[in-house]
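The values are calculated or read from the model by the stated rules, or taken from the named source; none is laboratory data. Since we're looking at a predicted model, the values are computed, not measured. Quick reminder, even Gly has a Cβ in these numbers, built from the backbone with ideal geometry, and neighbours come from all protein chains shown.
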Amino acid sequence: MLENLTVHFTSQDFRQALGQFATGVTVVTTEDGDVVHGMTANAFTSVSLEPPLVLVSVDKRASTHEIIARTGKFGINILREEQEDLSRRFSKKIDDMDNDQPIFQMVQGIPILKDCLCSLACTLWATYNGGDHTLYVGKVEFLQVNEGDPLLFFASRYCKIEK
């Protein structure tokens, strides 16, 4: 038996539905002059092994958006389970941030966070319009992988792997 389903939904319904997909948590970093900017993002994926490409989706209203477009450089920092505080810090507006500065390392003019599960330094490869976001594809120029378990996000809450 076939059932007719309603095809109307709100943006909040859409957000809730997509929240059912568990993701890792990243902080996207970039530099503007001597000031490092960052934002928490979970819309991140690999694209290609040859060349090594990744994709991140950045809200067009985020300050990081314009800086990546202008400089053509950004870092992707995959957070470990102990770094929920970093995720929360970079999900705030700049004016709401405390003065406790995380430790950055510079790789070819690209800031990466120290001690993440994985950090990638990227140069901009391609840009695609994604509605209210821009899809930035970056060529990975440097990577660093550390031991640990990932910080996960599911249904609007942080999660850890239970062993």
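Inside the stretch 78-103, can you point out the residues that are surrounded by 14 or more Cβ atoms within 10 Å (Cβ to Cβ), at pLDDT 90 or above and not acidic (D, E)? I78, L79, R80, Q83, L86, S87, R89, F90 - these are the residues of the stretch 78-103 that are surrounded by 14 or more Cβ atoms within 10 Å (Cβ to Cβ), at pLDDT 90 or above and not acidic (D, E). Residue count for the stretch 37-62 satisfying the condition of being small (G, A, S), at pLDDT 95 or above and under 9 Å from the mean Cα position of the chain (by Cα): 1. Applying the criterion of being farther than 16 Å from T64 by Cβ and in a strand (DSSP E or B) to the residues of the stretch 104-118, the residue that is modelled with the highest pLDDT is C118.
Does T134 fit the bill of being in contact with a His (Cβ under 9 Å, 6 or more places away or on another chain), assigned to a strand (DSSP E or B) and at pLDDT 95 or above? So T134 passes the test.
For the stretch 1-58, which residues satisfy the criterion of being over 26 Å from I161 (Cβ atoms) and among the hydroxyl-bearing types (S, T, Y)? If the condition is that a residue be over 26 Å from I161 (Cβ atoms) and among the hydroxyl-bearing types (S, T, Y), then T6, T10, S11, T30, S48 are the ones that fit.
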